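**Student:** Quick one: the structure is below, and I'll ask about it shortly.
The values are calculated or read from the model by the stated rules, or taken from the named source; none is laboratory data. In this text, all values refer to a predicted model and were calculated from it rather than measured experimentally. Backbone-built Cβ (ideal geometry, glycine too); neighbour counts: all protein chains shown. Only protein heavy atoms, including side chains, enter the accessible area calculation; ligands, DNA and RNA are left aside. Shrake-Rupley method; radii C 1.70, N 1.55, O 1.52, S 1.80 Å.
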Amino acid sequence: MSSFSTYTDLQLLESLKFSEEGAFTEIYNRYWEKLYKSAYNKLNNGEDAKEIVHDVLLDIWKRRADLSIEHLPAYLEKAVRFRVINHINRKKSTALIDSFESVLQSPFKADSEVNMNEFIKLLEAWIAVLPGKQREIFVKYYFDNLSTQEIAVEMNLSRKTVQNNLSITTQYLKARFKHLSILLLLLTNPPH
């Protein structure tokens, strides 16, 4: 078995196409730490950063026969950045739904399951009637996936103002869903 440590990135990629595990190991050893630091700096979470780097490198192995990469470091960095963005977007979407989950969980759940499509339509309707600035901040944060700092710069507001508006809007929406839960509970279990 030859040593791949002296290979250029292009030679490693070429060897990888022939399922040379040593070439993959060399790519892993050469780039793992740098990719991990990049992901960690964006996420500030070691486990998530490790998982993202693992997924990127595993993807290279799985697609080794079809890969056409000219500059490996740029390709890997871009792949990590893409996965970090997807990870953040998933977390924001999950956080939005999770913030309302406790309100949606109720005793009438067995009798009347709230349909996710109806939930989203209702959420969109309530978002539509929010005051302009609150609505814009909420949409930019949860749907356009901008950070509070990015929104502050874009809207010429302080970051604290953006955070306060998000908090107020979230509380407003939670209150609306709580009222909906109580109404549905009364409708499914009328007083005797």
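**Student:** If the label point is 7 Å along Cα→Cβ of GLN149, which residues in the stretch 26-59 have backbone nitrogen under 19 Å from it?
**Tutor:** Only 37-46, 49 pass the distance filter.
**Student:** Just how much of ILE85 is accessible, in Å², when a 1.4 Å probe is used and the result is rounded to the nearest 10?
**Tutor:** 90 Å²
**Student:** Mind listing the phi-derived Karplus ³J(HN,Hα) values for the stretch 32-43, rounded to whole Hz, using 6.51, -1.76 and 1.60 with θ = phi - 60°, and x for any glycine or proline?
**Tutor:** 4, 4, 5, 5, 4, 4, 4, 5, 5, 4, 8, 9
**Student:** List the chymotrypsin sites (Phe, Trp or Tyr not before Pro) within the stretch 15-87 that DSSP assigns to loop and that have no more than 13 neighbouring Cβ atoms inside 10 Å.
**Tutor:** Working: sites: PHE18, PHE24, TYR28, TYR31, TRP32, TYR36, TYR40, TRP61, TYR75, PHE82; in loops: PHE18.
Passing sites in the stretch 15-87 are PHE18.
**Student:** For the stretch 1-91, which GluC sites (Glu not before Pro) are both in a DSSP coil and crowded by at most 12 other Cβ atoms within 10 Å? Let's see the in-between values first.
**Tutor:** On the way: sites: GLU14, GLU20, GLU21, GLU26, GLU33, GLU47, GLU51, GLU70, GLU77; in loops: GLU20, GLU70.
Of the GluC sites (Glu not before Pro), the ones in loops of the stretch 1-91 whose Cβ has at most 12 other Cβ atoms within 10 Å are GLU70.
**Student:** Okay, moving on. Using θ = phi - 60° and the Karplus curve 6.51 cos²θ - 1.76 cosθ + 1.60, what whole-Hz ³J(HN,Hα) does each residue of the stretch 14-20 get, with Gly and Pro shown as x?
**Tutor:** With the stated coefficients, the stretch 14-20 comes to 5, 5, 4, 4, 9, 6, 6 Hz.
**Student:** If you keep only loop residues by DSSP, which trypsin sites (Lys or Arg not before Pro) in the stretch 1-67 have at most 12 other Cβ atoms within 10 Å of their Cβ? Could the numbers behind the result be given before it?
**Tutor:** Details: sites: LYS17, ARG30, LYS34, LYS37, LYS42, LYS50, LYS62, ARG63, ARG64; in loops: ARG63, ARG64.
Sites meeting the loop and neighbour criteria: ARG63.
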